[in-house]
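Data block below; observations after.
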Amino acid sequence: MKDLKELLTDELAEIYDAEKQLTKALPRLAEAADSPEIQRALQKHADQTWEHVQRLEQVFDVFEGKVRSKRSEAMAGLIREAMEWMEADAEPPVRDAALILAAQKTEHYEMAAYGGLRTWADLLGKDEAVMLLEQTADEEKETDEFLNEIASRINVAAAERGDEYEIPLDIYLKSRRSAPAKKGRSKHPVASARRRLKTA
Ligand SMILES: [Fe+2]
């Protein structure tokens, strides 16, 4: 029967493979993006991902001394989905919106994995591993937040594609900042901004 340490090293082997898959996929996603902002964000995270791989090798040192890799089917699936979007026949902002979401899905997978690993390493009293895992988890979170910020702009451009007129971005952002949180069914932000624009 597996103990917690074996469970942890199995999961380490899987996230190690997941990170390695990402070192190849992220530069391709960056290249496929139309927005230079997304290109830069994804390329920066691709560079960081190499550091994540090396940090995991240090975590392996703490536990069993040798590096092990186990195929992450979950990451392979997320990347396959992203690649489908890369090849999709879509307007550039629409494809960019999809690429950001695809990248964020991989971030959330990693955040969950690192969160669990960190907790297990802590329970096993391996402080050095906790520190290394936390460092990577923080970088994944920062990337996710940064992608969220870019998405708030790209998604509006994507929503407006094909419509007869566009909502100026400053009106949309102002309406989001000033709108108080309401109970019950939420209003579609683009539709609400469009209504405000019509009555202005
Ligand atoms: Fe990572």
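Bear in mind these aren't lab numbers, they're just calculated from the coordinates by the rules spelled out. A quick note: this is a predicted structure, and the numbers were derived from the prediction, not measured. Virtual Cβ from ideal backbone geometry, glycine too; neighbours counted across all protein chains shown.
The phi-based Karplus calculation (6.51 cos²θ - 1.76 cosθ + 1.60; θ = phi - 60°) puts the 3J(HN,Hα) values of the stretch 79-89 at 5, 4, 4, 4, 5, 4, 5, 4, 8, 5, 7 Hz, whole numbers, x for Gly and Pro.
Counted by neighbouring Cβ atoms within 10 Å, the residues V67, V59, V130 run from fewest to most as V67, V130, V59. Placing +1 on the Cβ of every Lys and Arg and -1 on the Cβ of every Asp and Glu, with no other charges, gives the stretch 4-162 a dipole of roughly 300 debye about its Cα centre. Take every pair of alpha-carbon atoms less than 8 Å apart whose residues are at least six positions apart; their mean separation over the length of the stretch 4-162 yields a relative contact order of 30 percent. Alpha carbon centre of the stretch 89-130 versus the stretch 13-59: separation in Å? Going from one Cα centre to the other spans 11 Å. For S35, no residue 5 or more places off, or on another chain, has a built amide H under 5 Å of its own. Computed from backbone phi with θ = phi - 60° and the Karplus coefficients 6.51, -1.76 and 1.60, the 3J(HN,Hα) list for the stretch 147-154 is 5, 4, 5, 5, 4, 4, 8, 5 Hz; x is used for glycine and proline.
In order along the stretch 98-108, phi translates into HN-Hα couplings of 5, 5, 5, 4, 4, 5, 5, 4, 5, 4, 5 Hz, rounded to whole numbers, per the Karplus curve 6.51 cos²θ - 1.76 cosθ + 1.60 with θ = phi - 60° and x for Gly and Pro.
Spread over its residues, the convex hull of the C-alpha atoms of the stretch 1-73 is 85 Å³ per residue.
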